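One structure below.
Just so it is clear, none of the values below were taken in a lab; they were calculated from the coordinates. Note that this is a predicted model, so its numbers are computed, not measured. Heads up, the Cβs are rebuilt from the backbone with ideal geometry, glycines too, and the neighbour counts pull from every protein chain shown.
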Amino acid sequence: MDIIKQLFSHGAKGIILGCTEHGLLINQQDTDIPLFDTTFLHAKEAAHLALNIES
């Protein structure tokens, strides 16, 4: 959380949770800074592609 706060103070507009375990450790309720969990985003898109749903 300290690193996220530091990045935000340096101008970051959002944080990419790029490792699978990060989404298990940090969630949106922990911060007001937008978080983007790549594991969730990839799984959601894979499901959409498998079901032929437009994103």
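See the values below:
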quantity	calculated
Within the stretch 1-21, considering residues that are closer than 30 Å to ILE53 by Cβ and in contact with a strand residue (DSSP E or B) (Cβ under 7 Å, 6 or more places away or on another chain), the one surrounded by the most Cβ atoms within 10 Å (Cβ to Cβ)	LEU17
Pairs where the first residue, in the stretch 13-25, is more than 11 Å from PHE40 (Cα to Cα) and the second is part of a loop (DSSP other than H, G, I, E, B), C-beta under 7 Å, 6+ apart	GLY14/ILE33; GLY14/PRO34; ILE15/ILE33
Residue in the stretch 27-44 that is among the small types (Gly, Ala, Ser) and either within 23 Å of GLU54 (Cα to Cα) or touching a Gly at 6+ places or on another chain (Cβ under 7 Å) (or both) present	yes
